[in-house]
Amino acid sequence: MPDPEPILSAAQRLGAQQAEVFAVATEETPVRFEANRLKEINARQTSGVALRVIVDGRIGFASSTKPGDVEELAAAAIETAPFGPEAHLDFPTDGQASAVEVFDPRVLALPVDDMVQAGQSLIDAVREVEPELLCDAYVRRGSSIVTIANTKGGHFTYQATGYSAWVNGTLIRGTDMLFVGDGDASCRPSLDLEGIEKSVISQLENSRRTAEVKTAEMPVIFTPLGVASSLIGPLTMAFSGRLVHQGQSPLVGCLGKDMYDLRFSVTDDATLPYRPGARPFDDEGVASRRIPLIEKGTVRSFLYDLQTAGLAKAQSTGSAERSLAAQPSISTTCLIVDEGEVPFEEMMRGVKEGLVIEELMGAGQGNVMGGDFSGNVLLGYKIEHGEITGRVKDTMVAGNVHEALKRFAAIGSETRWVGGSLRTPALAFEVLTVSAKQ
C-alpha cells in the first residue's frame, strides 16, 4: 500500500489547491468449478492508487498500479484538470466514523481444501436431484485494505474480508434449456450452504414440468431472487441524487411525499456488521449511516456523493463508490426491504392464474430511468389455483416499478439475503403485463 502523503505533496507542489488519494490493496483466492469438475485454484494480489485533484476550480483525475509512481501520477492528474468537470465539493476532514465490523481474520485462515469441499458439496447435492445437470460453481475468500487521505487533513482506512459461494446449473434437452442457481456471501467464514442447496433443488423440482401461459394482465409474484434481478435496479436508480438534480428521476419533487404502498419500506444501511457492502465510511471518507429511502410508502431521502451533494446544495449521504479506474459515483450498500405479513404459500393460494418470477433476463431494457422493467423470464413458474404447475418458456413480463409498488397484492413475511447486499421478502403484485409466445 503506497504512502499517500508524498502523492498529496507532489500534487500540491504542481499546482493543486486540493488533492485526494484513494488506495486499495486486495488479495483473493477463488476456487472455480466448470462442468461439474474443479477447474482452477488461484491466489492473486492487486494494489493501486487513484488521485483526484482540484485545480482552478476543476477536477482532475489519474490512477496507477505502479508503486512509487508519485510524480507521474500527480502530473497526469493535474494535466486532466482543465478538461474535467467544475468542482462542487470539499474533501472531508477527519471525523467520527461508525465502528462497522467487516473484518474477520478467520476468513484468511480458511483452508483451500475446505473451499474445494464446499464447492463440490453444492454440485453433488443438486446433481443428486438432477444427474444430467451441468454445474459451474465458485467459492472465494478475500480481503481488502482501503485507504483515503486528502489535503484537508482527512485520513481514513479500514480492512474488510469476504467469503462467498455460488452454484449455477444448466440442463439442455433438445431445444429446451433450463438455468438454475443461487449463492451466499458474508464477511465471515460461514455461509448458508444448506440454504443454497435447498433453493436450487426447489428450482429444479418446480421445473420438472412445463406450463403454458397466455398473453394477458395477471398476478405476478417475485421471489427474493426475482426482486433482485428485476425490480431493485430501476427502483434505486430513481434515488440517485445526481439524477434528481438533473431532473431525470421520476421522484423529482417527491421528497416527503407518499409515492408507494403504505406497507413498503426500504433502507440503505452501510453500518450492518459483517455484510458485504457495509463499511465504516464511503469511498470519499464520509461516515456511513443508516438511510431510510422509503418509509411506509413515503420518500424520505435521496443518495449523494460529495460532488452531487455540492451541486444539489445537499449533504453527502456517504453513498460514494468507486474503482481505481473511475471517479466516485452514487451507489447503494446494504439494501433492506422490510418484510410483510403474508407467507409465500399463502401468496400463491389466492391466485387463480399467475406467475412466479425467479429471474428475468434483460430486465434493464426500456426506460430504466423512468422505472420501466421488461425482460424474458429466464426462470419462472405458472400458478394455477394456488399451486405451481410448471416452468414457463418463451414468456416476457413488463411493468413500471414505481407504478407497481403503489398497489401490492402482498409483501412476504420471510426475508433472505440475495448476493450478500440485498435483504428482501417476496413481493406479489395484483397485475402486470405478461406476453407469451403463442
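Give me the percent of accessible area attributable to carbon and sulfur for the chain, probe 1.4 angstrom.
It is 49 percent, rounded to a whole number.
Given a Förster radius of 25 Å and the C-beta distance between Leu108 and His155 as r, what FRET efficiency does 1/(1 + (r/R0)^6) yield to the nearest 0.05?
After rounding to 0.05, the efficiency reads 0.50.
For Glu34 paired with Gln315, estimate the spin-label separation in nm (one decimal), with each label point 7 Å from Cα along the Cα-to-Cβ line.
5.1 nm
With angles folded into 0 to 90 degrees, how steeply does helix 4-13 sit against the dominant principal axis of the chain? Use alpha carbons for both and round to 10.
Long axis of 4-13 versus the principal axis of the chain: about 60 degrees.
Using Cα pairs under 8 angstrom and six or more residues apart, how large is the relative contact order of the chain, in percent?
So the answer I get is 16 percent.
To the nearest 10 degrees, how steeply does helix 193-206 sit against the main Cα axis of the chain, on a 0 to 90 scale?
It works out to around 40 degrees.
Counting heavy atoms of the protein chains only and a 1.4 Å probe, report the per residue accessible area for the stretch 305-391 as a whole number of Å².
With all protein chains present, the stretch 305-391 gives 43 Å² per residue.
Counting Lys +1, Arg +1, Asp -1, Glu -1, what net charge surrounds Val21 among other residues with beta carbon under 11 Å of its beta carbon?
-2
His385 to Asp124: FRET efficiency via 1/(1 + (r/R0)^6), r the Cβ-Cβ distance, R0 30 Å, to the nearest 0.05?
According to the calculation, E is roughly 0.25.
Rounded to the nearest 10 Å², what accessible area does Leu303 show when all protein chains are kept and the probe is 1.4 Å?
Roll a 1.4 Å probe over it and Leu303 shows about 0 Å².
Roughly what % of Cα-Cα distances in the stretch 10-81 sit above 14 Å, to the whole percent?
Cα-Cα pairs of the stretch 10-81 separated by over 14 Å account for 63 percent.
In nm, to one decimal, how far is the Arg208 label point from the Asp56 one, both placed 7 Å along Cα→Cβ?
Each label point lies 7 Å from its Cα, and together they span 7.3 nm.
Need one number: the % of Cα-Cα pairs in the stretch 303-438 sitting beyond the 19 Å mark.
Tail of P(r) above 19 Å: 63 percent of Cα pairs.
Can you tally the net charge around Pro189? Count Lys and Arg as +1, Asp and Glu as -1, for every other residue whose Cβ sits under 15 Å from the Cβ of Pro189.
So the environment of Pro189 carries a net charge of -2.
From the P(r) of the stretch 369-438, can you give the percent of Cα pairs sitting at distances over 15 Å?
67 percent
Could you pull out every residue, at least 5 positions away or on a different chain, whose amide H is within less than 5 Å of the one on Thr433? Hs are placed 1.01 Å off N in the peptide plane, and Pro or chain starts have none.
Long-range HN contacts for Thr433: Ala398.
Just to confirm a number: summing +1 for Lys and Arg and -1 for Asp and Glu over residues other than Glu353 whose beta-carbon lies under 10 angstrom from that of Glu353, what do you get?
Taking every Cβ under 10 Å from that of Glu353, the sum is +2.
Rounded to the nearest whole Å², what accessible area per residue is found for the stretch 1-65 with the 1.4 Å probe?
Value for the stretch 1-65: 48 Å² per residue.
Rg/Rh for the stretch 234-368 to two decimals, with Rh computed the Kirkwood way over all alpha-carbon pairs.
Reported Rg/Rh, Kirkwood definition of Rh: 1.02.
Enumerate the amide H contacts of Tyr274 below 5 Å, restricted to partners 5 or more residues apart or on another chain; note that Pro and chain-start residues carry no placed amide H.
Glu101, Val102
For the stretch 180-296, report the accessible area per residue in Å² (1.4 Å probe, heavy atoms, rounded to an integer).
Spelled out: the 1.4 Å probe surface of the stretch 180-296, per residue, equals 40 Å².
Could you give the distance between the Cα centres of the stretch 144-215 and the stretch 110-124, to the whole Å?
One Cα centre to the other: 16 Å.
Toward the positive end of the charge dipole of the stretch 128-208, about the Cα centre and with charges on Cβ (Lys, Arg +1; Asp, Glu -1), which of Gln203, Ser143, Asn168 goes farthest?
Farthest towards the positive pole: Ser143.
If we restrict to alpha carbons, what Rg and Dmax does the stretch 41-120 come to, in Å?
In Å, with Rg to one decimal and Dmax whole: 20.0, 57.
Taking every Cα atom in the chain, find the radius of gyration and the maximum pairwise distance Dmax, and write them in Å.
In Å, with Rg to one decimal and Dmax whole: 23.6, 74.
At a Förster distance of 56 Å, what's the computed FRET efficiency of Gln17 paired with Ser413, Cβ-Cβ distance as r, to 0.05?
The pair Gln17/Ser413 has a calculated efficiency of 0.55.
The values are calculated or read from the model by the stated rules, or taken from the named source; none is laboratory data. Everything quoted here is computed from the prediction, not taken from an experiment. Cβ coordinates were reconstructed from backbone atoms using ideal geometry, including for glycine residues, and neighbour counts include every protein chain displayed. All accessible areas refer to the heavy atoms of the entire protein, side chains included, with ligands and DNA or RNA removed. Shrake-Rupley method; radii C 1.70, N 1.55, O 1.52, S 1.80 Å.
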